[in-house]
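What follows is a set of notes on a single structure, which appears directly below.
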Amino acid sequence: MQNIKYLIYIVFSFLLISCGEDFFDSITEIELPEHEPQLAVRGTINATYLDYGSWIRVGHTLGILDTNKFEEIKDATVQLYEENVLKSTYEYAENTWYVGEVAEMKEGKNYTLKVDSPTYGSIEATQQLPKKVSVMAATYEANAAVDRYGERGDEITVQFQDPAGEKNYYIISVTGTYRFESPDTSFVWDNYGLYASPVDPLLEHLNQLYLTDSSFDGDTYTSRVRIEPMEKIVYREEIESQPIESITVRLTSITKDYYLSQKTISAFRDNDDNPFAEPVVLHENVEGGTGFFRLSITDEFPIDL
């Protein structure tokens with residue numbers, strides 16, 4: 001009994017001593033190296049939709065404790081090369097965006113984006129345009145799907161032949177075409193991006209539905225997605241819209257860098273404001289700076305309703 005009293009006394013004394021001024025002081029000063037700003041680039045080109053122009057975003061990095069605002073870089077030279085031959089020169093448009101006209105891009109060719117700034121130096125990144133994979137068949141069935149979240153809706157299936165012996169990455173998306181009366185009758189058709197969720201267990205739900213051929217290399221594959229029931233879709237409230245008359249299923253072939261960058265961006269956004277989440281290192285493919293350059297090509301399959 002006497003020993004227990006002594007033990008309690010020792011523990012209590014230790015606690016009193018431990019509560020000194022510096023006991024809970026866990027602040028460690030770390031001298032951060034001076035940050036040298038670098039070019040930061042975001043560029044995604046889809047070879048199927050070149051008629052709408054090609055847009056590249058050019059900015060610069062700031063230090064972690066930097067309180068300065070980002071400066072717009074309006075004097076950069078932005079160029080796209082096809083197999084080391086100049087393909088297009090971009091011009092500054094607005095709000096950090098550069099725009100360029102790009103003629104036909106060829107599957108299997110290497111394309112290099114080069115950006116040079118008098119202030120922030122030079123960067124470059126190279127991608128090979130994937131081969132277009134055609135949609136063999138696609139179907140629509142009302143109220144036939146339950147996605148992995150338990151939500152019921154209309155079902156879209158898309159079937160395609162995966163090229164054998166190579167790693168392939170895809171995006172599956174769906175749009176609806178409907179007719180409406182605009183106030184000035186300038187145009188009466190529009191496309192509506194239909195929210196798609198995964199039924200297929202192989203689909204990854206990032207900003208869109210992504211798919212890799214790890215489990216079906218070289219096979220004919222059919223993927224299933226859910227879309228919102230047609231009767232629940234709200235188009236534009238300020239105009240008189242008509243029901244969707246057709247659906248377009250899009251199978252987009254993307255590069256590995258495209259897939260990895262989007263996967264890490266999605267993980268970063270999911271971890272936002274979560275103090276217990278693991279840090280996410282964003283995938284980049286730019287030499288001499290930071291950011292990404294990505295290529296894709298799309299095949300479309302229309303379905304009349």
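The values are calculated or read from the model by the stated rules, or taken from the named source; none is laboratory data. Everything numeric in this text was worked out from a predicted model, so none of it was measured. Neighbour counts are summed over all protein chains in view; Cβ atoms, including those assigned to glycine, are modelled from backbone coordinates with ideal geometry.
If you go through the stretch 96-117 and keep only what is in contact with a strand residue (DSSP E or B) (Cβ under 9 Å, 6 or more places away or on another chain) and in a loop (DSSP other than H, G, I, E, B), you end up with T96, E101, V102, A103, M105, K106, E107, G108, K109.
Each residue in the stretch 161-187 was checked for being polar (S, T, N, Q), at pLDDT 95 or above, surrounded by 16 or more Cβ atoms within 10 Å (Cβ to Cβ) and out of contact with any Lys or Arg (no Cβ under 6 Å at 6 or more places or on another chain), and 1 pass. Here A137 fulfils each of the conditions (1) small (G, A, S); (2) surrounded by 16 or more Cβ atoms within 10 Å (Cβ to Cβ); (3) in the same structural domain as R226 (by TED's automatic domain parsing) apart from (2). The residue pairs whose first member lies in the stretch 282-305 and is in the same structural domain as Y170 (by TED's automatic domain parsing), whose second member is of a type in the set (G, A, S) and assigned to a strand (DSSP E or B), and whose beta carbons are closer than 9 Å, counting only pairs six or more residues apart or on different chains, do not exist in this structure. Please go through the stretch 33-70 and give me each residue that is at pLDDT below 90, of a type in the set (S, T, Y) and surrounded by 16 or more Cβ atoms within 10 Å (Cβ to Cβ), ordered by number. Passing the criteria: only T61. Within the stretch 269-281, residues that are not assigned by TED's automatic domain parsing to the domain that holds L206 and surrounded by fewer than 10 Cβ atoms within 10 Å (Cβ to Cβ) sit with their Cβ atoms under 9 Å from residues that are outside any loop (DSSP other than H, G, I, E, B) and among the polar types (S, T, N, Q), at 6+ positions apart or across chains, in these pairs: V281/T264.
Matching residues to (1) at pLDDT 90 or above; (2) among the aliphatic types (A, V, I, L, M); (3) surrounded by 15 or more Cβ atoms within 10 Å (Cβ to Cβ):
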site	(1), (2), (3)
Q208	yes, no, yes
D219	yes, no, no
E228	no, no, yes
K232	no, no, no
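When the stretch 250-286 is limited to residues that are among the hydrophobic types (A, V, I, L, M, F, W, C) and within 23 Å of P163 (Cα to Cα), the one that is farthest from the chain's Cα centre (by Cα) turns out to be L251.
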